[in-house]
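Participant: Could you have a look at this structure, given as structure tokens, before my questions?
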Amino acid sequence: VQALPDARPALQALCQALKCEVPSMRNLAALELSSATLTPDLLNSGRYTLSVLIRNTSPDQIEWPAMDILIKDEDGAPLARRILRPQEAGHETGWIAAKSSDRFTVELDLQALGAPVFSDYSISVFYP
């Protein structure tokens, strides 16, 4: 399906009759990180809420990517890294609908990751 995206409608029709499922496409180029915030939990030191708005610009549904979160100190040196899977944010369907946006929200304990004080962070997406 990845190699022949134009065949997807025919495969989906066939799979519907056979009670199977056509997997979502993987297309990092069609995904845009529209916004990201890392908000401290005022009641729990070292805990934060990461919220990322991701947009699918493709006319097809796209498989949710994993996210690589890198926490950095004031010099830009890495303090901690965490790989987040879509299931951790409650995305059980495994895909982002065509031409739509969806939010990835997860709680992070930076104290447990060894980075209670940080200056910056970066997010990248990938398919494992």
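The values are calculated or read from the model by the stated rules, or taken from the named source; none is laboratory data. Computed from a predicted model, the values in this text were never measured in an experiment. Positions of Cβ are generated from backbone atoms using ideal geometry, with glycine treated the same way; all protein chains shown enter the neighbour counts. What goes into the accessible areas is simple: the full protein's heavy atoms, side chains included, and nothing from ligands, DNA or RNA. Shrake-Rupley method; radii C 1.70, N 1.55, O 1.52, S 1.80 Å.
Participant: Once phi is turned into θ = phi - 60°, what whole-Hz ³J(HN,Hα) does the Karplus curve with 6.51, -1.76 and 1.60 give for every residue of the stretch 12-23, x standing for Gly and Pro?
Facilitator: In residue order, the calculated couplings are 5, 5, 5, 5, 4, 5, 8, 6, 10, 9, 8, x Hz.
Participant: Give me the 1.4 Å probe accessible area per residue for the chain, excluding ligands and nucleic acids, in Å². Write out the running numbers ahead of the final one.
Facilitator: Numbers: 7510 Å² over 128 residues.
Ligands and nucleic acids excluded, the result is 59 Å² per residue.
Participant: In the chain, what percent of the accessible surface is made up of carbon and sulfur (1.4 Å probe, ligands and nucleic acids excluded)? Don't jump to the answer; show the numbers that get you there.
Facilitator: Values: 3970 of 7510 Å².
Roughly 53 percent, rounded to a whole number.
Participant: Additional query: With Rg and Dmax of the Cα atoms in Å as the read-out, I listed (i) 18.8, 58; (ii) 19.0, 72; (iii) 17.6, 57; which label goes with the value calculated from this structure?
Facilitator: Computed from the coordinates, Rg and Dmax of the Cα atoms in Å corresponds to (iii).
Participant: Something else now. Among Leu79, Leu38, Leu18, determine the one that fluctuates most according to a GNM of the chain built with springs between C-alpha atoms less than 10 Å apart.
Facilitator: Of the options given, Leu18 has the highest mean-square fluctuation.
Participant: If you build a Gaussian network model of the chain, linking Cα atoms that sit under 10 Å apart, which residue out of Gln87, Gln111, Gln12 swings the most?
Facilitator: Gln12
Participant: Around Leu38, with a cut-off of 13 angstrom between Cβ atoms, what is the net charge of the other residues, counting Lys and Arg +1 and Asp and Glu -1? The partial results should precede the final answer.
Facilitator: Numbers: positive: Arg47, Lys72, Arg82; negative: Asp41, Glu107, Asp109, Asp120.
Combined, the nearby Lys, Arg, Asp and Glu give -1.
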